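J.: Okay, handing you the structure first.
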Amino acid sequence: MAIISSKQDPNQPNKQRSDTVKRDRPLSQPLLKPEVTAEEKEPQEDSIRPHRFADYIGQKELKEVLNIAIKAALGRNETLDHLLLYGPPGLGKTTMSLILAAEMGVDCKITSAPALERPRDIVGLLNSLKPGDVLFIDEIHRLSRMTEEILYPAMEDFRLDITIGKGSSAKTRSLPLPKYTLVGATTRVGALSSPLRDRFGLIQRLRFYAHDELTLIVLRTAQLLQTSITNDGAEEIARRSRGTPRIANRLLKRVRDYAQVKNAGIIDQSIASVALELFQVDPCGLDWTDRQMLSVMIEQFNGGPVGLETMAAATGEDTQTIEEVYEPYLMQIGYLNRTPRGRVASAAAYKHLGFTPPNQQLSLL
Ligand code: ADE
């Protein structure tokens, strides 16, 4: 990445930019979006997921907390408390839920809030549970009001309250449910209503993965995919994966395609970096939208503060995607700060894009 520094008027928008931000917007750039793609919904994807805690790399503290909860529940012959997992997408909330069920020796039913729009959807699911089962609800902050109200007694008292009929002749019936564990997953814990949040016995956060953890994940997945890769090849992919295993595995598959088509053989650092440059994933894992967001802040707003709506208008992304997908990683690597007055680009972001940071501009005058 070119780093340009020269004298600049700090009151003028910074005109220098690296050529990476000048590129036209690619037609689609799904490689670094942590949401699940169609390919990742295929059953064979299951073969690269870890199935037990012993195979799960990273999230050390969370694994410790859950291991204790599991051992205690098994020791008392009880079900596990309801668990809320929150954090950015792609960090392994579904995988963690499947592992929990496997460690408890029970089944896990997987659904997501948008699939539970009508009350009968959740009633059907709850009725199908066996004692001890895990019910995983993704995007739980998006539950409809009616579904949420059915869940309250179903979580607290393992009871299904259903209303039969309408108006003055309506009757409520209460049906017992087997004891089960609800695992809710969300990227927006603050968007959950407090009655729902309060019904979870355990509330745990998933964190971005460290570089060495992602490297191990890439090496493990490469082995399962029977792909040859060197340690530095895995490190290169890990470095560009935004702290997110789903992205690391996705990048590995694209680099594997590249190596195969170019007859490049074993994936080493140089093959990984050439392939990822081709896919426009930069050495920090930033894509076109990340760079566009930062360069708009720097060039048009002198680095900020800039409001979220303005950023959305400038990049063509919706505010929710910016808040939940782009900003958490940019904040994690120290390129962006959220302040009460808006978003602010850091000196590191200026340097990464080839701009002179404002404090250095003063000293250059
Ligand atoms: N694949 C995706 N996430 C993983 C993890 N945390 N550990 C091992 N393999 C993975």
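The values are calculated or read from the model by the stated rules, or taken from the named source; none is laboratory data. The shown structure was predicted, so the numbers you read here are calculated from the model rather than taken from an experiment. Reconstructed Cβ throughout: ideal geometry from the backbone, glycine too, with neighbour counts over all protein chains shown. Heavy atoms of the whole protein, side chains included, go into the accessibility calculation; ligands, DNA and RNA do not. Shrake-Rupley method; radii C 1.70, N 1.55, O 1.52, S 1.80 Å.
J.: Quick test of your reading of the structure: residue 208 fulfils all but one of (1) more than 14 Å from the ligand (Cβ to nearest atom); (2) closer than 15 Å to residue 285 by Cα. Name the failing condition by number.
T.: (1)
J.: I would also like to ask the following. Consider only pairs whose beta carbons are under 9 Å apart and that are at least six residues apart or on different chains; among these, list those whose first residue lies in the stretch 45-59 and is over 15 Å from residue 223 (Cα atoms) and whose second residue is assigned to a loop (DSSP other than H, G, I, E, B) and more than 10 Å from the ligand (Cβ to nearest atom).
T.: Cβ pairs passing all conditions: 58/207; 58/210; 59/207.
J.: Ok, one more. I'd like the residue in the stretch 162-202 that is part of a loop (DSSP other than H, G, I, E, B) and of a type in the set (Gly, Ala, Ser) and, out of all such residues, is nearest to residue 81 (Cα to Cα). First the steps, then the outcome.
T.: If we filter the stretch 162-202 for residues that are part of a loop (DSSP other than H, G, I, E, B), which is where we start, we get 165-166, 170, 177-180, 187-188, 192-193, 198-201.
With of a type in the set (Gly, Ala, Ser) added as a condition, the list becomes 165, 170, 193, 201.
Numbers: 165: 34, 170: 33, 193: 19, 201: 5 Å.
Ranking the candidates gives 201 first.
J.: Residues of the stretch 217-276 being of a type in the set (D, E, K, R) and within 25 Å of residue 38 (Cα to Cα), which ones? Let's see the steps before the verdict.
T.: Within the stretch 217-276, the subset of a type in the set (D, E, K, R) is 220, 232, 235-236, 239-240, 242, 246, 250, 253-254, 256-257, 262, 268.
220, 239, 240, 242, 246, 250, 253, 254, 256, 257, listed by residue number.
J.: Could you please find all residues in the stretch 236-245 being assigned to a helix (DSSP H, G or I) and buried (at least 24 other Cβ atoms within 10 Å of the Cβ)? Don't jump to the end; show me each part of the working.
T.: If we filter the stretch 236-245 for residues that are assigned to a helix (DSSP H, G or I), which is where we start, we get 236-239, 245.
236, 237, 238, 245, listed by residue number.
J.: Report yes if some residue within the stretch 302-309 is assigned to a loop (DSSP other than H, G, I, E, B), of a type in the set (A, V, I, L, M, F, W, C) and either within 16 Å of the ligand (Cβ to nearest atom) or open to solvent by 20 Å² or more (accessible area, probe 1.4 Å) (or both); otherwise report no.
T.: Of the residues in the stretch 302-309, the ones assigned to a loop (DSSP other than H, G, I, E, B) are 302-305, 307.
Narrowing further to those that are of a type in the set (A, V, I, L, M, F, W, C): none.
No, the stretch 302-309 contains no residue that is assigned to a loop (DSSP other than H, G, I, E, B), of a type in the set (A, V, I, L, M, F, W, C) and either within 16 Å of the ligand (Cβ to nearest atom) or open to solvent by 20 Å² or more (accessible area, probe 1.4 Å) (or both).
J.: Select from the stretch 241-265 the residues that are more than 15 Å from residue 286 (Cα to Cα) and among the small types (Gly, Ala, Ser) and write down the one among them that is nearest to the ligand (Cβ to nearest atom).
T.: The qualifying residue nearest to the ligand (Cβ to nearest atom) is 259.
J.: Of the conditions (1) more than 16 Å from the ligand (Cβ to nearest atom); (2) within 30 Å of residue 351 (Cα to Cα); (3) among the polar types (S, T, N, Q); (4) assigned to a helix (DSSP H, G or I), residue 280 satisfies every one except a single condition; which number is it?
T.: Among (1) more than 16 Å from the ligand (Cβ to nearest atom); (2) within 30 Å of residue 351 (Cα to Cα); (3) among the polar types (S, T, N, Q); (4) assigned to a helix (DSSP H, G or I), the lone unmet condition for residue 280 is (4).
J.: Looking at 223, 260 in this structure, which one is out of contact with any strand residue (DSSP E or B) (no Cβ under 9 Å at 6 or more places or on another chain), modelled with pLDDT of 95 or more and either open to solvent by 40 Å² or more (accessible area, probe 1.4 Å) or part of a loop (DSSP other than H, G, I, E, B) (or both)? Don't jump to the end; show me each part of the working.
T.: On the way: 223 fails: out of contact with any strand residue (DSSP E or B) (no Cβ under 9 Å at 6 or more places or on another chain).
Just one listed residue meets the conditions, 260.
J.: Given the structure, is residue 321 surrounded by fewer than 19 Cβ atoms within 10 Å (Cβ to Cβ), of a type in the set (Val, Ile, Thr) and out of contact with any strand residue (DSSP E or B) (no Cβ under 9 Å at 6 or more places or on another chain)?
T.: On the way: surrounded by fewer than 19 Cβ atoms within 10 Å (Cβ to Cβ): yes; of a type in the set (Val, Ile, Thr): yes; out of contact with any strand residue (DSSP E or B) (no Cβ under 9 Å at 6 or more places or on another chain): yes.
Yes; evaluated as a whole, the condition is true for this residue.
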